[in-house]
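Since every read-out is calculated from the coordinates, none of them should be taken as a lab result. Bear in mind the structure is a predicted one, so any value in this text is a computation, not a measurement. Neighbour counts run over all protein chains shown; Cβ positions are idealised from the backbone, glycine included.
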Amino acid sequence: MANAWEERKKALENEYFHKKENELLDKMKHDAQETLIQGCCKGRCPKCGDEIEPMTFRGVPLDKCPSCGGIWLGPNDLKMLAEKDHRTWFDRWFHAEQEETTDQEV
């Protein structure tokens, strides 16, 4: 009887390690796939996947997709555009945001 318990114990241990190895393999596959996707998508349009072309609009560097016409801005490009043209809603929007923070400080 003790032999059956030992076999059962080893079987459960093997099952546990088999599950852990499969989880690790799945994670490694997912990470490898994400790395491949990021490498292939660099410089590509997030909307249609075609190659984007750098352009400059009012001195601000942007990316434009020739296929779908999408314009992609970097993290600070919207603020730079707002500073370039003071007559647009960009300026009013950013100044309103600054005024709100100034009012809250007072």
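Summary of values
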| item | result |
| --- | --- |
| Condition broken by SER67, with the remaining ones in (1) surrounded by 11 or more Cβ atoms within 10 Å (Cβ to Cβ); (2) farther than 29 Å from LEU81 by Cα; (3) polar (S, T, N, Q) satisfied | (2) |
| Counted residues, the stretch 46-61 - those being within 22 Å of MET80 (Cα to Cα), out of contact with any helix residue (DSSP H, G or I) (no Cβ under 6 Å at 6 or more places or on another chain) and surrounded by 13 or more Cβ atoms within 10 Å (Cβ to Cβ) | 2 |
